[in-house]
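First comes the structure, then the notes that go with it.
The values are calculated or read from the model by the stated rules, or taken from the named source; none is laboratory data. Values in this document were obtained by computation on a predicted structure and should not be read as measured data. Cβ coordinates were reconstructed from backbone atoms using ideal geometry, including for glycine residues, and neighbour counts include every protein chain displayed.
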Amino acid sequence: MRFTFLFLFVTFYTIGQNADGLKFIENNGQWNSDIDFEAQVPGGRVGVSAKGFSVLLLDLEEMEHRHLASHGTINESDGQRSSEPVTGHYFLINLIGSNSQAKAIVEKPLDGYTNYFLGSDSCRWATKVLAYPSILYQNVYNGIDFRVSSVGSNLKYDFIVRPEADPSQIKIEYCGIDGIEKINSSLKIETNVGLLTEVIPFSYQLDDNNTRQIVASEYNLQNKATSFSFPNDYNECRTLVIDPLLIFSTYSGSTADNWGSTATPGEHGTLYSAGVTQQNLGGFFPATTGAFQTNNRGSFDMAIIKYDSAGTRFLYATHLGGSGNDSPESLVVDKTTGDLVVLGISGSSDYPTGATSFDRTFNLGTTIFNRVLFSDDQWDIVVTRLSPQGDRLVGSTFLGGSGNDGLNLPKQSGGLLVANYGDEMRGDIITDDLGSVYISSVTGSADFPTVNGFDSSFDGGTTDGVVVKLAFDLSTIIWSSYLGGSGFDAAYSIKFDANKNILLAGGTTSTNFPTTTGAYQTIFNGTVDGWIARVAADGSAILNATLTGTTQFDQVYFIDLNSSGNVFCYGQTTGQIPITPGVYRNPNSGQFLQKFSADLSTLQFSTTFGSGSSSGSIIPNISPTAFLVNDCDNIYMAGWGGVVNSGIGFWPSTTFGMPITNDAFQKTTSGSDFYFMVLNGDATQLVYSTYLGGGTSKTHVDGGTSRFDKFGIVYHSVCSGCQFGNTTGQSTSDFPTTPNAKSRLNRSPNCNNAAFKFDLSSLRAIFNTNNLALSKPGFNNVCYPDSIVFQNLSTGGRIFAWDLGDGTIVNQDVDDPRFVIHQYKQPGQYKVKLKITDLSTCSQTDSTFKVINYFRNTIKAEDDVEICEGATHLLMAPGGSTYKWSSEDPLFTSTSPSPIVKPDKNTKYFVTVTDGNGCSKKDTVKVSLVNKVELSWQHRIKANCIDRPNVIVQNLTPPKDDVTFRFDFGDGTISEDRDVEHFYKKDSIYQLRLIAQRKFCFFEDEVQLPILKLFVPNVFTPESSPGLNDTFIVRIGPKMIDPATIGLTLQLSVVDRWGKNVFESANYKNDWDARDIEGGVYYMHLSIQDFATCKSWVHIIK
């Protein structure tokens, strides 16, 4: 029977340290002996032992208040003194009935060490104390291991249930808490300093193909103790994997109305989030002290927040805007400086600009209704560069002409490209290695500032797309250009290719959109078509451009490239976008994904996903908000849908019915939620999908785009908790947030910007074993001298370290082949470990191992053999457990270990032998015949009647050079003469043989010879001595037996002196008594078969 392990994972959202994970510091006597390790974290500490955890939490807000107060004058009237204790809460998480004597097993320690000199008792001092990333306690319960580690900022503990162990042994007790309840499958733990969460346990097993098989598991809560149950039971032949992790999710906590538009990753896992805020409903946006702009200057200001990597606090929060309305569309962090670069639109003539900015003057435009901000304004594009601390303006400029810029013509004003709420405020911004800034956007200005570009003229439609390259400090335009035709055109997405050319994408209604020769689609097809274009790095020319679409509405909102330069796009459709063979698909759905060749000439795959339509009317479910093709070619997509679209005249969309994987973070939807999807690189497999949202409010985005980092973590800003559409009729805090988030509450009377990081990268170490032909997945019993292939099937990872168990270490990176071929030199059992590393993911490392059995078989078939013709042979190939024998003719097969054969000619026998380890060997045994010698010979008995006979033999077989002959007379006498007369010295029955020897084979023929002395009487006395010697009796041999007893027939003839026959018998029985004749001398003739003939006299005395 084959057993594997059941893994039960629990993530405990307590307190966090940083994205590098918790450090478990060993207890070398510096702390109480009831813990083995302690993790020091801001706001508390966690002690670890085989008995469970001890947790001390402090009031972080109070600690922060005291910290800030320590920088200013102490106000004695506030009632707080620095010597007063900080509020805290200490409690225990006990493993009931666990083996408290279980010893900790640790991996390689983390770099560095810590010294402890606590108090005056030197016995409590400890130096060079090491820290570890994880701890394993074996057999805390019978057959169950307990592993403690961290995922990013969260404590994680796992129970590893070995084969035949009973998971019901696991019981966890919470001592010293204020309360505990089970809500939505998670445990909520109440303390006097906050609420903690143990998320739903996630269990998996791996099948024989290393495919993840999810095992449903849940908490059983009774009083303040919990255990685990498996509603559908579990299969002891499968293995379980942790679900993707919601790293953090938080409200801004603004008491003023604060919406969500755009987000981007920052340095070391930080997150920038932006939206708008206004104070017409009261309250304040929580700008931080020292930020660039701490007050609202108009109606809607941009509201920009930088969070720490765990989402527990603001690094800064600032307003950005003037006296009118302002809104962000896209954010990016410049890697050269760490500055945040903001793309937005402004209706404020006094929007803050830099002293050397390209354009410090608002360019006006045509007053137009903005559906998102619900205002009538004139709009310019604005680009702003903020310092990493958010405390100063590095550069800022207007961009525009006499029309509206940066605002896609709203649907309510006849804009054909705006199909989703927020589409009027789409655009994108990126920076290059020198810090130059690139934007893609839209303009209605015929005099938009174009410089050194491929198209300096407005193309005659309502709007054109624009692409602009600005100097680092935003003081000059390096180049800029229109992009479009005679209809509506807009550019939403911008990327670099490997040569620093610019890839752009968007939507068009222009029948004369500038496509290039050889492109995938050069003719406008429908109401709206999507487009993709490559522009030279210096802005001088369109290198490639294609349309993509059906006869209906189609628009590309995002593009990305893989490492090979292929171009991927993500958009919406209401038509029948082509679906190529083999891809994952949800036909009749309103979201599409396509992959093009680098030159945009060939569609390499195309598919649609979503809820599908049975009526034939295709409606998009979600408005795309973020897109990524990562270095491993996994494809990540995000978007929102629901009432905010359908309720105000946009797509009648809903998130009901979207495909959701078994390991989804959130499997159900209110119909108005966020949706995330991950496909593999060729789009043949749905890797992961989930909803994210609340149960009452209608989650959405107020224009703008968010981003994934290259490792599959999405950094997102949303607008949630709003009163509009809320089933409660008021604002709520129903969007899921994480423990210790900056704010778990929407404190405004309407909306709050909710920012989150969600790790979809799934860093998981997986490998499979195979033979060289790749035809035996799971190949782990290997026979010398075969090689074995280790196939790296891991998800994610940048560094791959193989330990092959025999001292061989192989280090690979993402550019190396994803396999290792190895041949072991000695038989044995080898533990092969794969460790993958990606420091940008939450888990940073993951590892797995397999045990390989390497055998040297002892199977050996016998050597080729000669046998004598007519003989049998026992075929042998020792060392196996199963056999398959056959011969070169089809007449012989056998499964016997040692079959007996009797070939009639030279024959080859083939055998396949498999030993008990599964090792097989094929061999051949050739059986050759030594030809038989056909013997020809004769013998003759030369007898007499007074003694034993001689034998005369003659070999008549023709002589042969390779054959020797000999007579064996049976009495120890051997003769190689061809003619021999032999005299026997004793009476006996002898085996007379002629023997021929060819090589080692003996061929013989034999006869049986009775060599016995005859006793023939010359006198007998009938009648004169009744009963004694009164018949003529012939005897033979030493025991004087009747010849008939040994099969000899006697013939007897007696005549008198005149030749008259007086007695004759052809089968004489020793019974002649001479009854009727006179006494006297007679002559006899006695024949004893072929043995002897006697002629003599006999005297009858009466």
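Which one is farthest from GLY704 (Cα to Cα), of the residues in the stretch 338-390 that are of a type in the set (Lys, Arg) and in contact (Cβ under 8 Å) with a residue 60 or more places away in the chain?
That would be ARG385.
Identify all residues within the stretch 378-389 that are surrounded by fewer than 24 Cβ atoms within 10 Å (Cβ to Cβ) and not polar (S, T, N, Q); write none if there are none.
Scanning the stretch 378-389 gives a single hit, PRO388.
Would you confirm, using the coordinates I've provided, whether SER349 is surrounded by fewer than 20 Cβ atoms within 10 Å (Cβ to Cβ) and over 25 Å from VAL644 (Cβ atoms)?
yes
Of the numbered conditions (1) touching a residue at least 60 places away in the same chain (Cβ under 8 Å); (2) in contact with a strand residue (DSSP E or B) (Cβ under 6 Å, 6 or more places away or on another chain); (3) under 22 Å from SER706 (Cβ atoms), THR443 fails exactly one; give the number of that condition.
Failing condition for THR443: (3).
Of everything in the stretch 616-636, what is assigned to a strand (DSSP E or B) and either over 22 Å from the mean Cα position of the chain (by Cα) or farther than 24 Å from PRO328 by Cα (or both)? Give them in sequence order.
Hits for the stretch 616-636 are SER623, PRO624, THR625, ALA626, PHE627, VAL629, ILE635.
Going by what's in this entry, would LYS335 be described as touching a residue at least 60 places away in the same chain (Cβ under 8 Å) and surrounded by fewer than 22 Cβ atoms within 10 Å (Cβ to Cβ)?
yes
Within the stretch 9-20, can one find any residue that is modelled with pLDDT of 55 or more, more than 28 Å from ASP759 (Cα to Cα) and among the charged types (D, E, K, R)?
no
Determine which single condition ARG978 fails, assuming it passes every other condition in (1) surrounded by 14 or more Cβ atoms within 10 Å (Cβ to Cβ); (2) under 25 Å from GLU866 (Cα atoms).
(2)
Output the qualifying pairs, or none if there are none: Cβ atoms under 6 angstrom, residues six or more apart or on different chains, first residue in the stretch 186-208 and more than 19 Å from TYR157 (Cα to Cα), second residue among the small types (Gly, Ala, Ser) and modelled with pLDDT of 75 or more.
That search, which allows pairs on different chains as well, returns GLU190/GLY179; ASP208/GLY778.
Here's a check for you: in the stretch 32-49, which residue that is modelled with pLDDT of 85 or more and surrounded by 20 or more Cβ atoms within 10 Å (Cβ to Cβ) is farthest from THR114 (Cα to Cα)?
Ranking the qualifying residues of the stretch 32-49, first place goes to SER49.
Residues being at pLDDT below 85 and aliphatic (A, V, I, L, M): count how many of those fall in the stretch 111-143.
Residues in the stretch 111-143 being at pLDDT below 85 and aliphatic (A, V, I, L, M): 1 in total.
Could you tell me whether any residue of the stretch 959-970 is in contact with a Ser or Thr (Cβ under 8 Å, 6 or more places away or on another chain), of a type in the set (Lys, Arg) and surrounded by 15 or more Cβ atoms within 10 Å (Cβ to Cβ)?
yes
Could you tell me which of the residues ASP962, ASP968 is touching a residue at least 24 places away in the same chain (Cβ under 8 Å), in contact with a Leu (Cβ under 8 Å, 6 or more places away or on another chain) and of a type in the set (Asp, Glu)?
Among ASP962, ASP968, only ASP968 is touching a residue at least 24 places away in the same chain (Cβ under 8 Å), in contact with a Leu (Cβ under 8 Å, 6 or more places away or on another chain) and of a type in the set (Asp, Glu).
Can you pull out every residue in the stretch 602-614 that is surrounded by 15 or more Cβ atoms within 10 Å (Cβ to Cβ) and either farther than 21 Å from THR684 by Cβ or small (Gly, Ala, Ser) (or both)?
SER606, GLY610, SER611, GLY612, SER613
Every residue in the stretch 571-615 that is more than 30 Å from the chain's Cα centre (by Cα), closer than 19 Å to GLY671 by Cα and not in a loop (DSSP other than H, G, I, E, B), please.
Of everything in the stretch 571-615, just one residue is more than 30 Å from the chain's Cα centre (by Cα), closer than 19 Å to GLY671 by Cα and not in a loop (DSSP other than H, G, I, E, B), namely GLN572.
Check the stretch 139-162 and report whether any residue there is assigned to a loop (DSSP other than H, G, I, E, B) and buried (at least 20 other Cβ atoms within 10 Å of the Cβ).
The answer is yes; a qualifying residue exists.
Confirm whether GLY657 is more than 21 Å from ASN588 (Cα to Cα), touching a residue at least 40 places away in the same chain (Cβ under 8 Å) and surrounded by fewer than 20 Cβ atoms within 10 Å (Cβ to Cβ).
In short, no.
Determine whether VAL701 is at pLDDT below 90 and hydrophobic (A, V, I, L, M, F, W, C).
For VAL701, the condition - at pLDDT below 90 and hydrophobic (A, V, I, L, M, F, W, C) - is not met.
Any residue at all in the stretch 721-736 that is hydroxyl-bearing (Ser, Thr, Tyr) and outside any loop (DSSP other than H, G, I, E, B)?
Within the stretch 721-736 (the criterion being hydroxyl-bearing (Ser, Thr, Tyr) and outside any loop (DSSP other than H, G, I, E, B)), the answer is no, since none of the residues qualifies.
Go through the stretch 98-138 and give me each residue that's hydrophobic (A, V, I, L, M, F, W, C), within 15 Å of PHE53 (Cα to Cα) and assigned to a loop (DSSP other than H, G, I, E, B).
ALA102
With the condition kept exactly as written, say whether any residue in the stretch 712-719 is at pLDDT 90 or above, on the phi > 0 side of the Ramachandran plot, crowded, with 24+ Cβ neighbours inside 10 Å and touching a Cys at 6+ places or on another chain (Cβ under 7 Å).
no
Looking at the stretch 971-1013, which of its residues are among the small types (Gly, Ala, Ser) and touching a Leu at 6+ places or on another chain (Cβ under 7 Å)?
The one that is among the small types (Gly, Ala, Ser) and touching a Leu at 6+ places or on another chain (Cβ under 7 Å): ALA996.
Matching residues to (1) without any contact (Cβ under 8 Å) to a residue 12 or more places away in the chain; (2) of a type in the set (D, E, K, R); (3) in a strand (DSSP E or B):
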site	(1), (2), (3)
LYS850	no, yes, yes
THR858	no, no, no
ILE867	no, no, yes
ALA877	no, no, no
VAL913	no, no, yes
GLY918	no, no, no
VAL925	no, no, yes
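Tell me yes or no: at least one residue of the stretch 1073-1083 is among the hydrophobic types (A, V, I, L, M, F, W, C) and surrounded by 14 or more Cβ atoms within 10 Å (Cβ to Cβ).
yes
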